[in-house]
Amino acid sequence: MAKMTRPLIAGNWKMNGLAGSLSELDAIIAGSSSAPFADLLVCPPATLVAAFAARAKGTGVMIGAQDCHMAPCGPHTGDISAEMLRDAGVSFVIVGHSERRADHHESDEIVRQKALAAHRAGLTAIVCVGETKADRDAGNTLDVVGRQISGSVPDGASAANLVVAYEPVWAIGTGVTPTVRDVEQVHELINLKLSMKLSIGSQPVRILYGGSVKSNNCKDLLDILHVDGALVGGASLNAADFLAIAAAVPK
């Protein structure tokens, strides 16, 4: 089906990649013409951000980061500000990924502050939401995701500076994916919640699906209403797999 917004296929490399990984980026850039109906974004680890941004400059592939600090500068050893990321050449930053929420105990309010920091620096924030297996087993998926949207997405955000990614935590890295109807229901809820936060008539915010997205299951997922692309984990580390997912975007 035709999408109201141009789909985005984003690769989250997580804590993977060394200098030699530039060859995978080169392959993605070289093959980007095979995915003419989607925007392509690669989010490498912080050590590779500047090198990736320099290599991708002027191409059809965008570069993003995986996290940012809330402050523009200061005594925060080991952290990186949104302004620093902008200076390094990125245009997007992921905030609130489930692994950050779990490993670093990030609350919805912290995620919201990070999204605001991204906006302050002129970056697009990819705000991640998603339920755990316990949440799903208890029948609380929609309540949890709705609460995360309300608490994590800044008021006044727009399609120009916000993307939302739904990642069911129990599906990430497990090879298990929700049913089409499960994804459809959550994306419908997110779309409704976002429409209540945005101005009437605003361009719809892109809503990505993430959670064990692979070349053999992406077509059914990308065909779902209000699924405007994918946040790809492990499959994005291989150029051929990543491009196969991007090429599956419907015309």
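The values are calculated or read from the model by the stated rules, or taken from the named source; none is laboratory data. Everything numeric here is computed off the predicted structure, so don't read it as measured data. Glycine gets a Cβ as well: all are built from the backbone with ideal geometry, and neighbour counts include every protein chain shown.
What to note about this one:
- Of all residues in the stretch 138-180 being of a type in the set (V, I, T) and at pLDDT below 95, the one that is nearest to G64 (Cα to Cα): I172
For every residue, the table says whether it meets (1) under 27 Å from N216 (Cα atoms); (2) among the hydrophobic types (A, V, I, L, M, F, W, C); (3) touching a residue at least 40 places away in the same chain (Cβ under 8 Å).
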site: E106; (1), (2), (3): no, no, no
site: R112; (1), (2), (3): no, no, yes
site: A121; (1), (2), (3): no, yes, yes
site: V144; (1), (2), (3): no, yes, no
site: G151; (1), (2), (3): no, no, yes
site: V163; (1), (2), (3): yes, yes, yes
site: T177; (1), (2), (3): yes, no, yes
site: Q185; (1), (2), (3): yes, no, yes
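- Wholly within the stretch 1-108, helices (runs of 4 or more DSSP H) carrying at least 3 residues that are more than 19 Å from the chain's Cα centre (by Cα) and surrounded by fewer than 16 Cβ atoms within 10 Å (Cβ to Cβ): 22-31
- Hits in the stretch 195-251 (condition: more than 16 Å from A35 (Cβ to Cβ) and hydroxyl-bearing (S, T, Y)): S195, S199, S202, Y209, S212
- Residues (of a type in the set (S, T, Y) and either assigned to a loop (DSSP other than H, G, I, E, B) or surrounded by fewer than 20 Cβ atoms within 10 Å (Cβ to Cβ) (or both)) located in the stretch 109-151: T132, S150
- The set of residues in the stretch 159-182 being in contact with a Ser or Thr (Cβ under 8 Å, 6 or more places away or on another chain) and of a type in the set (A, V, I, L, M, F, W, C) consists of A159, A160, L162, V163, V169, W170, A171, I172, V176.
- Of all residue pairs spaced 6 or more apart or on separate chains, none has beta-carbon atoms under 7 Å together with a first member in the stretch 50-72 that is on the phi > 0 side of the Ramachandran plot and a second member that is of a type in the set (S, T, Y).
- Subset of the stretch 152-173 that is closer than 15 Å to D135 by Cβ and not hydrophobic (A, V, I, L, M, F, W, C) - its residue that is surrounded by the most Cβ atoms within 10 Å (Cβ to Cβ): P168
- Subset of the stretch 137-151 (residues that are within 14 Å of P178 (Cβ to Cβ) and touching a Leu at 6+ places or on another chain (Cβ under 7 Å)): L142, V145
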